[in-house]
Amino acid sequence: MKTIGEIISKYRDRSDLIDLLSEVQEEYGYLSEDNMRIIEQSLDIPLVDIYGVATFYSSFKLNPAGRHIIRVCKGTACHVKKADMIEGVLDDLLGLRDKQTTEDGRFTLELVNCIGACAKAPNIMIDDKVYGELTKEKAERIIKEFTGQ
Amino acid sequence: MAKVSVNLNGESVEADDGEMIIDVARRNGIDVPHLCWNVRFERIGACRICVVEVEGNPKLVASCSTPVKAGMVIKTHTPRILEARRTNLELLLANHDLSCTTCAKNLKCRLQEYAHDFMIQEVPFSGKRKREEVDYSSPSIVRDNNKCILCEQCVQVCNKIQTVYAIGLQNRGFKTRVAPPMRMDMNESACINCGQCVVACPTGALTEKSSIKEVIDALNSGKYLIAQTAPSIRATLGECFGLPPGVPVTGQMVSALRDLGFQKVFDTNFAADITIIEEGTEFIKRFKENRSLPMITTCCPAWIKFAEQFYYQELHHMSSCRSPQAILASLVKTYYAEKMGKDPKDIVLIDIMPCTAKKFEILRPEYKGEADYVLTTVELAKLIKQYSIDFLNLPESSFDSPMGESTGAADIFGQTGGVMEAALRSVADLMSGQDLQRVDYVNVRGMETMKEAEVDLGGNKIKTCIVHTLGEARKLMDQIRAGTSPYHFIEIMACYGGCVGGGGQPGPHRKEILEKRAGALRKEDSDKKIRKSHQNPDALRLYKEYLGEFGGEKAHKLLHTTYTNRCIIKKCK
Ligand code: SF4
Ligand code: SF4
Ligand code: SF4
Ligand code: FES
Ligand code: FES
């Protein structure tokens, strides 16, 4: 495994930030707070800016992935069928707000583009399984099944 | 710069080539509405309230970020423009927490003002509302992201002007928000409490942390109540009661404080004179020993926290002298309490300050048990209104003895360059052992954010530099760190314009307004008979009776302080 220092040494400044963060994530699976602070110090980029970029692109993860990955489809078909609402319901249910992974490390929420099941929009995928034609109630039921409540 | 001529609402006007339309319009008396524009900040072009029509351009353009070109034909208020502004306002309001009557910015909010002017009576979009917890963690400011319209004014001032980088934009789309990084709250962040973001914010998303309730309780506690008022308050409080900028209300302010129930009203200016005596003495000593130069002033708590966070290895350049606020607080709870035979615990001291950072300063462990609460100018005005005091018709009264007299040198503390000018007046005398004629040091005055002045004091050339806003301070500190600073003496204030532009002063903080406030302070100065701090008779008496020598042992104990390494953020190397 490459150390964070080794990775950073290949980059110079702010203009390289996205590439640098991508490489760190590739190596470690996510962008840890410590690593972001090390980048702040080494390249003299303000932490707010690093954090801003890390939260702007949904491909960046700020936590190690949870045990179950929930992918909310934000493709056109799902968007039209209120994928936003489904995302909001899941945020509330899991207490996520602007985090990606639940406190207990059980779920990670990701936003993805079309998962190829448009006919059943709006869709989510939990691990490998697709759940279609979601409503607020249905989403709640599915999550309850997982949490066993 | 090349001049061009453009047509503005049918009239031909001159403009600099490349000047933004909004600036040209404002110069010609047209106050184009705007929510994300400030002449001192980078242009964001986000709110689109400032749109105007440019002939030949099918779309409306944002006047804040569109430069003029020769021959451009501009209209600023056609029906189409007004309709577009209305729609854009409605969009902003669609997911806004519309609780205006209970909002801390009620009646002072620009979003509300425009909604009123454009007669928005219902919000036809039922957008999704934000729901975030309000961040009350800071001693100085409150962040309520539910009221935030993402105009980025706070981010601009914090990151670009102050270079603190406490807050920034996060996430994208509907979840976009402004906050400190890593889910820190404001108190854990790098925030230095200057409150410049509060002044810049057009909405109720950023407000000062109020102590009004605590002060009302104190006023009814039966304890002995003392107030102190900072140098700049007298020049700004009148604006909260409808007076134009630059009208001092010293006498009414003192009367109002008495009406509120304060037994004694002392003047922070008295302590400002003592600051100069101590700081001047310290400077002369360091200058003679050629030690820890340049010496930097330490009246501004926001600047001090900035230095403690980002330049902790350079802290020995700071003067060890307390701020005037902290000097008066120390004297009230020691000298004055002894003199009156009171237990300091039975005295409640309330500071009236221009400044949200003073709310942080009084919580520093070094100052424990001294000042009890800080009210900003804006808060004092609210309290006076709550007590139904007819402020403008109050008779004038004067500060209480023995800490109410001050010299002209103290008056100018409230503006950029003031502390330096006051210090030079005293240092010149103390160094030469004479009572010199010169009191005016004009090179240190004015609104440029960095001013240099070389003065000849008794054959010694002293190089000084005065900065306001911390981005400028950073430049001087980097020089010191690199060992290339040419200066002997530096004044630093966090706020643009100095304390007349403080985070607790009434807005808007336009340059012209700040200049008028500074002018009022300068007039107070020139009207005084005694204009040098070390000639303040009451201060001299205090040294004789209680403190001993200038810069002596007792003075050091009561009037000086220490600083802390706060390298919490690892940004400092
Ligand atoms: S108070 Fe000053 S330092 Fe703190 S967030 Fe606002 S602008 Fe930044
Ligand atoms: S907090 Fe205020 S200044 Fe900052 S982005 Fe929000 S509305 Fe604008
Ligand atoms: S310049 Fe004055 S008002 Fe501004 S933070 Fe410093 S002390 Fe407070
Ligand atoms: S858009 Fe969601 S499955 Fe195609
Ligand atoms: S003021 Fe021009 S877009 Fe906001």
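Tally the residues that are under 20 Å from B:GLU512 (Cα atoms) and crowded, with 21+ Cβ neighbours inside 10 Å, restricting the search to the range B:407-460.
9
Name, by its number, the condition in (1) closer than 20 Å to B:LYS305 by Cβ; (2) near ligand 1 (Cβ under 10 Å from one of its atoms); (3) outside any loop (DSSP other than H, G, I, E, B) that does not hold for B:VAL178.
Among (1) closer than 20 Å to B:LYS305 by Cβ; (2) near ligand 1 (Cβ under 10 Å from one of its atoms); (3) outside any loop (DSSP other than H, G, I, E, B), the lone unmet condition for B:VAL178 is (1).
Would you check which residues across the range B:109-128 are part of a helix (DSSP H, G or I) and surrounded by fewer than 17 Cβ atoms within 10 Å (Cβ to Cβ) and list them?
Correct list: B:GLU113, B:HIS116, B:ASP117.
Quick test of your reading of the structure: B:PHE360 fulfils all but one of (1) within 25 Å of the chain's Cα centre (by Cα); (2) outside any helix (DSSP H, G or I); (3) under 24 Å from B:ILE492 (Cβ atoms). Name the failing condition by number.
Every condition holds for B:PHE360 apart from (2).
Among (1) within 11 Å of chain B (Cβ to nearest Cβ); (2) under 20 Å from A:VAL89 (Cα atoms); (3) in contact with a Pro (Cβ under 6 Å, 6 or more places away or on another chain); (4) not β-branched (Val, Ile, Thr), there is one condition A:SER58 misses while meeting the rest; what is its number?
All conditions pass for A:SER58, except number (3).
Identify all residues within the range A:19-47 that are away from chain B (no Cβ under 14 Å), not aromatic (Phe, Trp, Tyr) and not in a loop (DSSP other than H, G, I, E, B); write none if there are none.
A:ASP19, A:LEU20, A:SER22, A:GLU23, A:VAL24, A:GLN25, A:GLU26, A:GLU27
Within the range A:65-73, can one find any residue that is more than 12 Å from chain B (Cβ to nearest Cβ) and assigned to a helix (DSSP H, G or I)? Lay out the reasoning, then the answer.
Within the range A:65-73, the subset more than 12 Å from chain B (Cβ to nearest Cβ) is A:65-73.
Add one more test, that the residue is assigned to a helix (DSSP H, G or I), and what stays is none.
No, there is no match, as no residue in the range A:65-73 is more than 12 Å from chain B (Cβ to nearest Cβ) and assigned to a helix (DSSP H, G or I).
So for the range B:76-90 (the condition being closer than 17 Å to B:ASP23 by Cβ, away from ligand 4 (no atom under 16 Å from the Cβ) and polar (S, T, N, Q)), does at least one residue qualify?
yes
Can you name the helices (runs of 4 or more DSSP H) wholly within the range B:507-573 that have at least 1 residues being among the polar types (S, T, N, Q), under 27 Å from B:GLN437 (Cα atoms) and away from every other protein chain (no Cβ under 14 Å)?
Where helices (runs of 4 or more DSSP H) fall fully within the range B:507-573 and carry at least 1 residues being among the polar types (S, T, N, Q), under 27 Å from B:GLN437 (Cα atoms) and away from every other protein chain (no Cβ under 14 Å), they are B:511-527.
With the structure loaded, tell me whether B:SER232 is more than 16 Å from ligand 5 (Cβ to nearest atom), modelled with pLDDT of 95 or more and under 30 Å from B:ALA409 (Cα atoms) or whether it fails that test.
When the stated conditions are applied, B:SER232 passes them.
Restricting to the range A:124-146, and then to whatever is in a helix (DSSP H, G or I) and among the aliphatic types (A, V, I, L, M), can you tell me which residue is surrounded by the most Cβ atoms within 10 Å (Cβ to Cβ)?
Of everything passing the filter in the range A:124-146, A:ALA139 is surrounded by the most Cβ atoms within 10 Å (Cβ to Cβ).
Considering only the range B:52-74, how many residues are small (Gly, Ala, Ser) and either at pLDDT below 95 or surrounded by fewer than 17 Cβ atoms within 10 Å (Cβ to Cβ) (or both)?
So the count comes out to 4.
For residues that are within 12 Å of chain B (Cβ to nearest Cβ) and more than 17 Å from B:ARG183 (Cβ to Cβ), tally how many sit in the range A:90-104.
Adding up the residues that qualify gives 1.
Going through the range A:7-17 one residue at a time, which ones are within 16 Å of A:GLY52 (Cα to Cα) and more than 14 Å from chain B (Cβ to nearest Cβ)?
A:ASP13, A:SER15, A:ASP16
Looking at the range B:12-49, which of its residues are charged (D, E, K, R) and away from ligand 1 (no atom under 16 Å from the Cβ)? It would help to see each step written out before you state the result.
First pass over the range B:12-49, keeping only residues charged (D, E, K, R): B:14, B:16-17, B:19, B:23, B:26-27, B:31, B:40, B:42-43, B:48.
Passing the criteria: B:GLU14, B:ASP16, B:ASP17, B:GLU19, B:ASP23, B:ARG26, B:ARG27, B:ASP31, B:ARG43, B:ARG48.
Which one is farthest from B:CYS64 (Cα to Cα) among residues in the range B:35-47 that are near ligand 5 (Cβ under 8 Å from one of its atoms) and surrounded by fewer than 21 Cβ atoms within 10 Å (Cβ to Cβ)?
Checking each candidate, the answer is B:ALA46.
How many residues does the range B:129-167 contain that are on the phi > 0 side of the Ramachandran plot, at the interface with chain A (Cβ under 9 Å from one of its Cβ atoms) and surrounded by fewer than 23 Cβ atoms within 10 Å (Cβ to Cβ)?
Adding up the residues that qualify gives 1.
Give the range B:242-261 a look and list any residue that's closer than 22 Å to B:GLY222 by Cβ, surrounded by fewer than 21 Cβ atoms within 10 Å (Cβ to Cβ) and touching a helix residue (DSSP H, G or I) at 6+ places or on another chain (Cβ under 9 Å), or say none.
Correct list: B:ASP259, B:LEU260, B:GLY261.
Checking the conditions here, which among B:GLN162, B:GLN153 is within 16 Å of ligand 5 (Cβ to nearest atom), within 19 Å of the chain's Cα centre (by Cα) and touching a residue at least 60 places away in the same chain (Cβ under 8 Å)? Full working, then the answer.
Numbers: B:GLN162 fails: within 16 Å of ligand 5 (Cβ to nearest atom).
Only one candidate passes the filter, namely B:GLN153.
Being modelled with pLDDT of 95 or more and out of contact with any helix residue (DSSP H, G or I) (no Cβ under 8 Å at 6 or more places or on another chain) narrows it down to one residue among B:ARG80, B:ARG86; which is it?
None of the others qualify; the one that does is B:ARG80.
Can you pull out every residue in the range A:58-86 that is farther than 24 Å from A:GLU145 by Cα and either among the acidic types (Asp, Glu) or within 10 Å of ligand 4 (Cβ to nearest atom) (or both)?
Within the range A:58-86, A:GLY75, A:THR76, A:ALA77, A:HIS79, A:VAL80 qualify.
Return the only residue of B:LYS463, B:LYS475 being part of a helix (DSSP H, G or I), surrounded by fewer than 21 Cβ atoms within 10 Å (Cβ to Cβ) and in contact (Cβ under 8 Å) with a residue 12 or more places away in the chain.
B:LYS475
Residues that are of a type outside the set (Lys, Arg) and without any contact (Cβ under 8 Å) to a residue 12 or more places away in the chain: does the range B:390-399 have at least one?
Within the range B:390-399, one or more residues are of a type outside the set (Lys, Arg) and without any contact (Cβ under 8 Å) to a residue 12 or more places away in the chain.
Could you tell me which of the residues B:ALA307, B:ALA218 is surrounded by fewer than 21 Cβ atoms within 10 Å (Cβ to Cβ), in contact with a strand residue (DSSP E or B) (Cβ under 8 Å, 6 or more places away or on another chain) and outside any strand (DSSP E or B)?
So the residue among B:ALA307, B:ALA218 that is surrounded by fewer than 21 Cβ atoms within 10 Å (Cβ to Cβ), in contact with a strand residue (DSSP E or B) (Cβ under 8 Å, 6 or more places away or on another chain) and outside any strand (DSSP E or B) is B:ALA218.
The values are calculated or read from the model by the stated rules, or taken from the named source; none is laboratory data. Treat the numbers as computed from the prediction; the structure is a model and nothing was measured. Glycine also receives a Cβ, built like all others from the backbone with ideal geometry; neighbour counts cover every protein chain displayed.
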